[in-house]
Amino acid sequence: EAGVAQSPRYKIIEKRQSVAFWCNPISGHATLYWYQQILGQGPKLLIQFQNNGVVDDSQLPKDRFSAERLKGVDSTLKIQPAKLEDSAVYLCASSLDWGLGEETQYFGPGTRLLVL
Amino acid sequence: TQLLEQSPQFLSIQEGENLTVYCNSSSVFSSLQWYRQEPGEGPVLLVTVVTGGEVKKLKRLTFQFGDARKDSSLHITAAQPGDTGLYLCAGARDSNYQLIWGAGTKLIIKP
């Protein structure tokens, strides 16, 4: 079974530039998560999708971050404009169906972002 | 805000030693998960504990869920260099099944 795919693996940009990350979850998984993980910390949930609807985006800095999952499969996370403090690893995870209590999450390898 | 506190934050020991890391909260969780994350990779689920007092073993790793379902521990026997990584605990809340994450314990096993 293929795992969660993410691209790119690494990205270096200058502050105020834009960047986008892509995630393809495990086939058949209804729930998709984007996390931000700053060095030395645990993952922080940015946004959770159930199919193509948003379940929770309370910790997403909406003035600069946006995410979509238009067809309920793959997803993109965008930062515009980036700040120095956005330097982190952005993890995508999926689970079979959060609504049924299937909370086991499977993670992709992450995208490591460095903002200069 | 419900928090999961992990201790120690960092641990470096010699191969063959035993160790225990802790995950504590003042809140009750319906279940608690332990993940291991290696550099450059996403977290990988090791185990899920659900019942208060539950003990699960995974080879040299022993996981315990506290009786009150507020805390958990991970004990590693005869640690090996392959055990090196960031160990994260995450608790699920009954209300919405979302995971609350600890900050992790960074473990280094020296050969």
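What follows is calculated from the coordinates using simple rules that are stated; it is not laboratory data. These numbers come from a predicted model, not from an experiment. For neighbour counting, all protein chains shown are included, and Cβ atoms are generated from backbone atoms with ideal geometry for every residue, glycine included.
At a glance:
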| read-out | value |
| --- | --- |
| Qualifying strands (runs of 3 or more DSSP E) (wholly inside segment B:63-111; at least 2 residues being within 9 Å of another protein chain (Cβ to nearest Cβ)) | B:85-92, B:99-101 |
| Complete set of residues in segment A:37-72 that are basic (Lys, Arg) and either surrounded by 14 or more Cβ atoms within 10 Å (Cβ to Cβ) or closer than 29 Å to B:Gln9 by Cα (or both) | A:Lys44, A:Arg64, A:Arg69 |
| Residue identified as buried (at least 17 other Cβ atoms within 10 Å of the Cβ) and either touching a helix residue (DSSP H, G or I) at 6+ places or on another chain (Cβ under 9 Å) or within 14 Å of chain B (Cβ to nearest Cβ) (or both) among A:Ser87, A:Ser75, A:Ser95 | A:Ser95 |
| Failed item in (1) aliphatic (A, V, I, L, M); (2) under 30 Å from A:Leu114 (Cα atoms); (3) within 13 Å of chain A (Cβ to nearest Cβ), with B:Leu11 passing the rest | (3) |
| Pairs, first facing another protein chain (nearest Cβ under 7 Å) in segment B:36-48, second assigned to a loop (DSSP other than H, G, I, E, B) and not β-branched (Val, Ile, Thr), C-beta under 6 Å, six or more apart | B:Glu41/A:Pro109; B:Gly42/A:Gly108; B:Gly42/A:Pro109; B:Gly42/A:Gly110 |
